[in-house]
């Protein structure tokens, strides 16, 4: 059996461990001035997310709605690398020669 962090890493890499399909019905509730749904613990465990993590809502080409776990750390590192490359383009070109 794998631990939760390993499962989360596998899901982010697109290699989620095989699990039975998960489905749930949830009521839309008033949360402050907004409306929302509260995800049950088993759904959160299947996604490998916990409080503070980010989940994107994605509409697929066939119109379905999916939840996608976001790896913000990787996005932040890529943005930082792009900034460094943009600032040092001349140096990087000289190194590439």
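What follows draws every value from the coordinates through simple rules; no lab data is involved. Owing to the predicted nature of the structure, the values given are computational and were not obtained by experimental measurement. Because the Cβ atoms are built from the backbone with ideal geometry, glycine has one as well, and the counts that use them run over all protein chains shown.
Structure values in brief
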read-out	value
Estimated distance in nm for a label pair at residue 57 and residue 88, the labels positioned 7 Å out from Cα along Cα-to-Cβ	4.1
Relative exposure of 46, 54, judged by other C-beta atoms within 10 Å (fewest first)	54, 46
Ranked list, fewest to most other Cβ atoms within 10 Å of each Cβ, for 30, 97	97, 30
Enclosed volume per residue, in Å³, of the convex hull spanned by Cα atoms of region 54-97	101
Sorted by Cβ density within 10 Å, fewest first, the residues 89, 41	41, 89
